[in-house]
1. If I filter region A:204-223 for residues that are over 30 Å from A:I95 (Cβ atoms), among the acidic types (D, E) and more than 14 Å from every other protein chain (Cβ to nearest Cβ), do I get at least one hit?
2. Within region B:93-100, does at least one residue satisfy the condition of being facing another protein chain (nearest Cβ under 10 Å), part of a helix (DSSP H, G or I) and in contact (Cβ under 8 Å) with a residue 24 or more places away in the chain?
3. Here is a list: B:V98, B:V112. Which entry is in contact with a His (Cβ under 6 Å, 6 or more places away or on another chain) and within 30 Å of A:D176 (Cβ to Cβ)?
4. Filter region B:101-117 for residues that are touching a helix residue (DSSP H, G or I) at 6+ places or on another chain (Cβ under 7 Å) and within 14 Å of chain A (Cβ to nearest Cβ) and give the result.
5. Looking only at region A:1-37, filter to residues that are within 14 Å of chain B (Cβ to nearest Cβ), of a type in the set (S, T, N, Q) and in contact with a helix residue (DSSP H, G or I) (Cβ under 8 Å, 6 or more places away or on another chain); which one of those is nearest to A:T158 (Cα to Cα)?
6. Can you report the number of residues in region A:1-39 which are among the charged types (D, E, K, R) and in a helix (DSSP H, G or I)?
7. Does region A:100-108 include one or more residues that are at the interface with chain B (Cβ under 10 Å from one of its Cβ atoms) and either outside any helix (DSSP H, G or I) or touching a residue at least 12 places away in the same chain (Cβ under 8 Å) (or both)?
8. Hey, any hits in region B:54-75 for a residue that's under 27 Å from A:G151 (Cβ atoms), modelled with pLDDT of 95 or more, part of a helix (DSSP H, G or I) and out of contact with any strand residue (DSSP E or B) (no Cβ under 6 Å at 6 or more places or on another chain)?
Amino acid sequence: MPGFLDDIYELEHPIDVMYLMHKVYMKHSESVENLSRSTQNGGDFELLTIQLTEWLDHIYYHTDTEDLYMTGPLKDKELHDGRMPLKENVIEHDIIRDSGKIASDSIVNINTISPISYFSIKDVLSMEEKNHEILMTKVNAVEAELEKMLGDSKLDDTFRRHLYNQIVALKVAEYDHFENEEAFVLPMIKDQMTKLQQLECVEKLLFDEKSENSSWIYDFIETNLNQREADLLISLKEEINKNVG
Amino acid sequence: MNCALKLISKSMQINLSFIEKDLHAVGISQSMNGIENHLTKWVQAFAAYVEAEDTHIRLLIDGSLVLDSEIQVLPDILFFLTQIQENVMDKVSETMNVIYEEVEGGILIPRVRNHIIKELISLSVTFSDYSDLVEVLTICHDETKCNEKFIENTSDESVWLKTWIMENSVT
């Protein structure tokens with residue numbers, strides 16, 4: 001099994017396209033992570049927003065399509081330690097979606113929710129104050145006072161570092177998932193799916209038939225591979241065109 | 001000159017980024033024991049920071065922390081500060097737990113390194129939240145005296161702290 005940064009020399013099975021996809025996605029997430037880190041010292045926030053959105057578009061499509069066309073038709077098999085790979089896979093997809101949503105909500109709500117919310121003041125004060133009405137009065141007062149004391153600049157720093165934290169969490173969840181999927185789910189696909197079924201599944205993973213530009217995933221993957229790996233993808237595309245109606 | 005509180009805070013941030021860099025060198029020029037050792041020293045510096053903080057809180061030293069809200073929020077803010085201080089230590093524990101539970105035989109695989117880095121970043125974010133609050137709630141009236149008290153005297157603690165700050169003063 002190749003690592004995420006290793007060169008890939010062949011696709012023994014159509015589903016091995018996942019190695020290419022995972023490699024490109026991990027490279028992209030690392031780039032977003034680095035951008036986010038740099039925005040803490042004045043980096044390009046607009047570019048970060050664009051790249052994060054692109055990452056989320058891909059990862060949401062990827063996980064949704066896997067649930068439907070890849071793991072959906074498979075039969076789960078208990079591992080020696082009691083884990084069920086397909087069940088775990090679905091859970092990991094949910095973790096990725098949740099982590100992605102946290103980061104995208106931060107961006108979407110940038111102008112409407114104050115970064116003071118990252119301090120979770122309500123959670124802390126609720127440890128002492130049980131009366132909801134009094135609690136909320138206190139929370140609002142403390143938030144207002146701290147917002148004033150911290151000022152815009154410090155609050156902007158707060159936002160940027162929390163977003164970075166969220167992006168790192170998403171990347172780590174994605175890494176763990178890809179690694180588990182390659183180790184435990186891909187062998188099951190090779191066992192349980194015929195070559196034609198794999199090609200059908202790969203077609204769904206690479207081409208979004210509901211989109212006006214159905215090749216947005218394929219194009220992104222191909223553009224971000226080295227030439228030899230891109231050639232592997234082109235050959236696979238030809239095979240899909242030949243065999244999948 | 002910066003007061004001791006600011007110097008310690010800056011070094012604590014820098015040290016966390018050094019630990020993250022060191023994690024990438026485990027198995028080459030660093031060991032997991034070295035990482036644990038760095039974190040233990042960070043906790044030691046944090047204890048010094050908290051001690052320095054206590055002597056800088058505005059209300060406690062001269063009553064100058066004036067809040068113009070109609071509602072008296074100061075006790076709540078101080079309670080909140082104490083809790084976020086505890087959160088910092090919780091984050092240290094969570095980082096240590098990942099190290100103890102996931103690192104096997106001192107060998108650091110990429111997945112576990114990611115987990116440790118994730119915890120370190122979370123610790124760094126929590127500490128920054130905390131130190132930002134401390135910064136706006138504190139005041140230093142005499143930086144020379146402050147430095148003498150915490151880092152410029154001959155006690156073992158001060159000598160250690162001064163050395164540690166110097167080691168962690170450049171990014």
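1. Step one: filter region A:204-223 for residues over 30 Å from A:I95 (Cβ atoms), giving A:212.
Narrowing the set further to residues that are among the acidic types (D, E) leaves A:212.
When the remaining residues are screened for being more than 14 Å from every other protein chain (Cβ to nearest Cβ), the result is A:212.
Scanning region A:204-223 turns up at least one residue that is over 30 Å from A:I95 (Cβ atoms), among the acidic types (D, E) and more than 14 Å from every other protein chain (Cβ to nearest Cβ).
2. no
3. Numbers: B:V112 fails: in contact with a His (Cβ under 6 Å, 6 or more places away or on another chain).
The conditions single out B:V98.
4. B:E102, B:R111, B:V112, B:R113, B:N114, B:H115, B:I116, B:I117, listed by residue number.
5. A:S36
6. 6
7. no
8. Quick first cut of region B:54-75, residues under 27 Å from A:G151 (Cβ atoms) only: B:54-75.
Right, trim to modelled with pLDDT of 95 or more and you get none.
No, region B:54-75 has no match at all.
The values are calculated or read from the model by the stated rules, or taken from the named source; none is laboratory data. Since we're looking at a predicted model, the values are computed, not measured. Every residue, glycine as well, gets a Cβ built from its backbone with ideal geometry; the counts of neighbours run over all protein chains shown.
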